[in-house]
Amino acid sequence: MDTGGTDRKRLDDSPSSSASRGWLWRIAMAMQNGAPVLLSVGFIGLTLTDSWLAPEESPYSLLFAGGILCAIGSIYLAIYQHDIDE
């Protein structure tokens, strides 16, 4: 309730916003599930191929960086999704 005593109308009650919420949730879950896979494959690949000395030449460093970006992105989308639902 706001100061006037009436409930404010939610801005995201339209059907298109509920569809976008479902779409955002699926992206967040895909990124959340993909992050551990990318991180573990990238880390194991870097350690087994001894690519720590020149990581810019290894495709495993891209997988590892992709896992970090997926983790950060999924956290951001989950926070954004939580703010929409409130």
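Just so it is clear, none of the values below were taken in a lab; they were calculated from the coordinates. On a predicted model such as this, the values are computed, not experimentally measured, just so you know. Methodologically, a virtual Cβ is constructed for each residue, glycine included, from the backbone with ideal geometry; neighbour enumeration extends over all protein chains shown.
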Quiz item: If you take the alpha carbon radius of gyration of segment 35-85 and divide it by 2.2 N^0.38 Å, what ratio comes out, to two decimals?
Solution: 1.42
Quiz item: With each pseudo-label sitting 7 Å past Cα toward Cβ, what's the LEU69-ILE27 distance in nm, one decimal?
Solution: 1.4
